[in-house]
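Notes to accompany the following structure.
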């Protein structure tokens, strides 16, 4: 009883302090009960959190028989021109939807997001229409999507509540694809590519899902974790650094798992309104582009400006300290530095023996159907090089069985000789 009373007092103090914090939300994924939240329905720029919706639309298209996970998609000139983060594939490169989604969740490449959109719906614009149609069906309130990758657009907005609802829908509707979100690293030829998510391998029970960063959005994350059979979804928006974002999410998990039943459901939160704030002055004004990119690429964020831990969480230090003491909650201080994961292999090109369609962009989208390209036409979509990539040929059929969502360590096939053995050029990356 005393512990519950102290939790109640702490909750009141947190409510009084919440105006000083950017949006966050903690929800029980099974009961839909919101455990904690601040400005959870305020419109916000989602940045690469958008790619969760991109994955949802793609998996929905697979469920509806429009394509399969083995369907090859084609990199168009438009997709190849996307700014980093990107895979850097040349126009005409084919990648199966399965491999594209793994790349999307680990490296967060903007070029691959456009390739998925064009392959599924025929164009970025048609895919955005599909995103908004699915958003309406899922009951999202603050979201409006204009692209599949989250590159900044004033009209491209969401909210902490809506992002939690997308995460919940992915986990509930596509449980067989849940391993997409907790891949620690992928291997493409000789390239080992780690996940941006600094919670993976650092917070006990975390099994996804996605980070996001642009200067207007700040550092965002949607994360899920399971503890003693209970799954929570945490959303943090607008953090000043990757490191503080990760620690804030860890603190919220700690507090959430220490709580019992709380408030209403995600759907019961009042709809937000107004323009999304631009965080550029707070996040990027006094930091170099290289420093911001490096912090996000490391996931853990390196030395943080603005603090971490309880004092640097979403709550002012005295309130956070009181909460931790009152609730007697565990405080998980995230370790920093690189973590090596056994990578999941990915490859470019179709699977061996593929005789089905190859899907890519088409100018005359009608009905949202994707264009089917012959292999010859696919390789000649555009002959203007837009980048290069170190890649490996498709694996044998025997290896394909263990590729999809496998957590086992696999033997990586040798990289193709010549140009395929060149390393990726270093480029400024933004999650």
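What the table shows:
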quantity: Shape category assigned to region 161-278 from the gyration tensor of Cα positions, a/c cut at 1.5; calculated: oblate
quantity: Neighbour-count order for 332, 50, 93, fewest beta carbons within 10 angstrom listed first; calculated: 332, 93, 50
quantity: Cα-based shape type of region 124-190, given that a ≥ b ≥ c are square roots of the gyration tensor eigenvalues and the cut on a/c is 1.5; calculated: oblate
quantity: Separation of alpha-carbon centers, region 43-120 and region 131-202, rounded to whole Å; calculated: 12
quantity: Cβ-based exposure ranking for 228, 331, 156, 286, in which fewest neighbours within 10 Å come first; calculated: 228, 286, 331, 156
quantity: Estimated FRET transfer efficiency (residue 281, residue 155; beta-carbon r; R0 22 Å; 0.05); calculated: 0.55
quantity: Region 241-294: C-alpha gyration tensor shape, a/c 1.5 cut-off, then a/b vs b/c; calculated: oblate
quantity: Whole-Å semi-axes of region 48-186's equivalent ellipsoid (Cα gyration tensor); calculated: 21, 17, 14
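Read-outs: derived from the displayed coordinates by stated rules, not from any lab. Since the model is a prediction, treat every value here as computed from it, not as a measurement. Glycine also receives a Cβ, built like all others from the backbone with ideal geometry; neighbour counts cover every protein chain displayed.
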